[in-house]
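Pasting in a structure now, in structure tokens, and then I'll have a few things to ask.
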Amino acid sequence: MSEVRLRFAPSPTGYLHVGGARTALFNWLQARKEKGRFILRIEDTDVARSTQESVDAILEGMKWLGLDWDEGPYYQSDNFHIYREFVEKLLSEGKAYRCYCTAEELDAKREKALKEKRKPKYDGTCRNLTGVLHDKPHVVRFKTPHGGSTVFDDIIKGRIAFSNDELDDLIIQRSDGTPTYNFVVVVDDATMRITTVIRGDDHVNNTPRQILLYEALGYPVPRFAHVPMILGSDKTRLSKRHGATSVIAYRDMGYLPEAVVNYLVRLGWSYGDQEIFSTEELIEKFSLDAVGRSAGVFNPDKLIWLNSHYIKTGDPERLATLLGPYLEQKGIDVSSGPNLVSVVKTLQDRSKTMIEMADGALFYYKTDFEYDDKALAKFLNGNLVQLYGEIRDSLKEADNLDHGTIEALFAKICASHGIKMKDVALPARIALTGGTAAPGLFDVMEVLGCRESIQRLERAIEYVQELERERQ
């Protein structure tokens, strides 16, 4: 049995968008499932629009998603001499021809066909010319067979047939000597021994032309699987107006790669009612037979739900490593504050994104935070000075600050005043964090430690006393 070989072949004219990432993921999963090879090829024959910045963005996006490749990246721009050799091969075998029709002549032919209500395809004027007009510019066209049909069994869409009479004599080399997309794709896939082509269904109409080229060149035709497109929530084609479509943009917004991968694979593929998959499960369970024929609809709420799940169940040490850069972007020096892993543990259940976690962690590192206006009006008054003082003094006597010690300390204060825990805990949380939207008080105090907790209580006392003086 021959080796299974799949490829992802993006054009470096922009970032790695959601649709491209899903195509790469499906190819990667199929290669891993079949223990084959996953090949990365950069299709940069459009020299005018291809940029190194786009190449870097594509590679960065794939690495972030964990889609490692076994070969490549290969660059089409390195193979122009090979494409010319294959053009010459088809010319010498009479399977291609030089076309000398000018742009003006082609426009006239097109207009005439439209007036006569015919399909505006090339009429074959130069198809049977003999000899070479060396001094006249020309393109090279492939001789599409007349009559019959080109049929293929798409793994996802089933049997698809095209009448050859509907197909044009495809240009395979432009007048400047550069090859065209459909031609180089076939040459690359053939010479790289690609066995399965998984791509978007916007390529379905290219497939019959490419199959005819495979056959003309004498190469086996790979299996094709055309994946339906991704639509926005309004059922139109996914675009920037539906939110960020760049994979890296989702990273920058605080999403985890495993959440994005899990979400993308479920945009068109299913395995019963299961929603959440580990990478190992995806490789084991993924099948092109289970990819639907209808378009997937992008649902940002579902992605947020998945992301919050992976944050909630994630390894705190890994999340701490990820959290650091988000805090640094907000001007926080994480080396001079509480342990990041301890901070993460208090915020995992409360955070839907890493940005949200970073925002929630700011009070741990900022000693000059402002008190929330609502909390200020409701809780920070002169009656709290004594309470804050008692908590502070109790902390000064504590040997260490673990949950048991903190709970006993507050239970004692509650008993001495005949009040409930919430009457003490809420004001104390405001003093330590600046507001009420924070992790549990005991967790916060354990992370901050005795010294920082005492300093924040003393700051709150001074603040309340200053407010009382201003009110008098």
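All of the numbers you see were taken from the coordinates with simple rules; none came from a lab. Only a predicted model underlies this, so the values are computations on that prediction, with no experimental measurement involved. When we count neighbours, we look across all protein chains shown, and the Cβ atoms used for this are built from the backbone with ideal geometry, even at glycine.
Helix by helix through the chain, keep the DSSP H runs that span 24 Å or more along the axis on Cα and average at least -0.5 on Kyte-Doolittle, and give those back in order. Please list the in-between numbers first.
Details: long enough: 441-471 (34 Å, -0.46).
Length and hydropathy pass: 441-471.
So for the pair GLU34, GLU105, with labels modelled 7 Å out along Cα→Cβ, what separation do we get in nm?
Once both label points are built, they end up 4.5 nm from each other.
Rounded to whole Å, give me the distance from the Cα center of region 15-81 to that of region 253-331.
Each part's Cα centre sits 20 Å from the other's.
Sticking with this one: In the chain, if the dipole is taken from +1 on Lys/Arg beta carbons and -1 on Asp/Glu beta carbons about the Cα centre, which of LEU384, LEU6, GLY61 is farthest to the positive end?
LEU6
Structure shown: which of LYS330/LYS352; LYS35/LYS312; LYS89/LYS143; LYS366/LYS412; LYS119/LYS143; LYS378/LYS420 lie over 24 Å apart, alpha-carbon to alpha-carbon?
Details: LYS330/LYS352 18 Å; LYS35/LYS312 32 Å; LYS89/LYS143 13 Å; LYS366/LYS412 30 Å; LYS119/LYS143 18 Å; LYS378/LYS420 17 Å.
From LYS330/LYS352; LYS35/LYS312; LYS89/LYS143; LYS366/LYS412; LYS119/LYS143; LYS378/LYS420, over 24 Å: LYS35/LYS312; LYS366/LYS412.
Listing VAL221, VAL185 from the residue with the fewest other Cβ atoms within 10 Å to the one with the most, what is the order? Numbers along the way, then the final one.
Numbers: VAL221 18, VAL185 25.
Ranked by crowding around the Cβ, least crowded first: VAL221, VAL185.
Candidates (1) 23, 53, 23, 2; (2) 26, 58, 16, 1; (3) 19, 37, 23, 14, 6, 0; which is the computed P(r) over Cα pairs in 20 Å bins from 0, in percent?
Label of the calculated value: (3).
Could you size up the charge dipole of region 373-471 around its Cα centre, putting +1 on the beta carbon of Lys and Arg and -1 on that of Asp and Glu, and report it in debye to the nearest 20? Show your work: numbers first, answer last.
Details: 13 positive and 16 negative charges, 68 e Å.
Roughly 320 debye, rounded to the nearest 20.
Oh, and also: For region 316-365, what size does the Cα cloud have along each of its three principal axes, sorted from largest down, in whole Å?
Dimensions of region 316-365 along the principal axes of its Cα atoms: 24, 18, 17 Å.
Something else: Could you list the trypsin sites (Lys or Arg not before Pro) in region 180-273 that lie in coil according to DSSP, counting only those with at most 10 other Cβ atoms within 10 Å of their Cβ? Before the final figure, lay out the partial values.
Details: sites: ARG193, ARG199, ARG209, ARG223, LYS235, ARG237, LYS240, ARG241, ARG251, ARG266; in loops: ARG193, LYS235, ARG266.
Here the trypsin sites (Lys or Arg not before Pro) that fit, given the DSSP loop and packing criteria, are LYS235.
While we're here: What's log10 of I(q)/I(0) for region 35-161 at q = 0.09 Å⁻¹, Debye sum over Cα points only, no solvent?
-0.49
So if R0 is 56 Å, what FRET efficiency would SER287 and ARG174 give, r being the distance between their Cβ atoms, rounded to the nearest 0.05?
Numbers: r = 40 Å, r/R0 = 0.72.
With R0 = 56 Å, the Cβ-Cβ based efficiency is 0.90.
Run the numbers on region 188-256 and let me know its relative contact order in percent, using alpha-carbon pairs under 8 Å that are six or more apart. Mind showing how you got there, number by number?
On the way: 49 pairs, mean separation 20.5, N = 69.
Dividing the mean separation by the residue count of region 188-256 yields 30 percent.
Using the Cα centre of the chain as the reference point, and only Cβ charges (+1 on K/R, -1 on D/E), how large is the resulting charge dipole? Debye, rounded to the nearest 20. Provide the component values of the computation, followed by the final result.
On the way: 62 positive and 70 negative charges, 367 e Å.
The dipole magnitude comes to about 1760 debye.
How would THR236, THR195, THR13 line up from fewest to most surrounding beta-carbon atoms within 10 angstrom? The partial results should precede the final answer.
On the way: THR236 10, THR195 19, THR13 13.
Placing the least packed residue first, the sequence is THR236, THR13, THR195.
Would you mind getting me the FRET efficiency between SER278 and ILE419? Use the beta-carbon distance for r and R0 = 51 Å, nearest 0.05.
Details: r = 48 Å, r/R0 = 0.94.
According to the calculation, E is roughly 0.60.
What distance in nm separates the two pseudo spin-label positions at SER342 and LEU114, each 7 Å out from Cα along the beta-carbon direction?
About 7.3 nm, to one decimal.
What does the convex hull of the Cα atoms of region 80-227 come to per residue, in Å³, rounded to a whole number? Provide the component values of the computation, followed by the final result.
On the way: hull volume 18.3 nm³, N = 148.
Dividing the Cα hull volume of region 80-227 by its residue count gives 124 Å³.
Can you sort THR245, THR436 from fewest to most other Cβ atoms within 10 Å of each residue's own Cβ?
Details: THR245 22, THR436 14.
So the residues, fewest neighbours to most, are THR436, THR245.
Which value in nm describes the separation of the simple spin-label points at ILE82 and ARG318, placed 7 Å from the Cα toward the beta carbon?
Modelled inter-label distance: 3.6 nm.
Also, I was wondering about something else. So how far, in whole Å, is the C-alpha centre of region 337-382 from the one of region 130-189?
Cα centroid of region 337-382 versus Cα centroid of region 130-189: 62 Å apart.
Let me have the relative contact order for the chain, percent, based on Cα pairs under 8 Å that are six or more residues apart.
Values: 666 pairs, mean separation 56.8, N = 472.
Answer for the chain is 12 percent.
Something else: For region 80-227, with only Lys/Arg (+1) and Asp/Glu (-1) charged at the beta-carbon, what is the dipole magnitude about the Cα centre, in debye rounded to 20?
On the way: 23 positive and 22 negative charges, 47 e Å.
That gives a dipole near 220 debye.
With unit charges on the beta carbon (Lys/Arg positive, Asp/Glu negative), name the residue among VAL344, TYR364, PRO325 whose Cα is farthest towards the positive pole of the charge dipole of region 316-365.
VAL344
Going by a 4.7 Å Cβ-Cβ cut-off, which cysteines of the chain have no partner at all?
So, CYS101, CYS414, CYS450.
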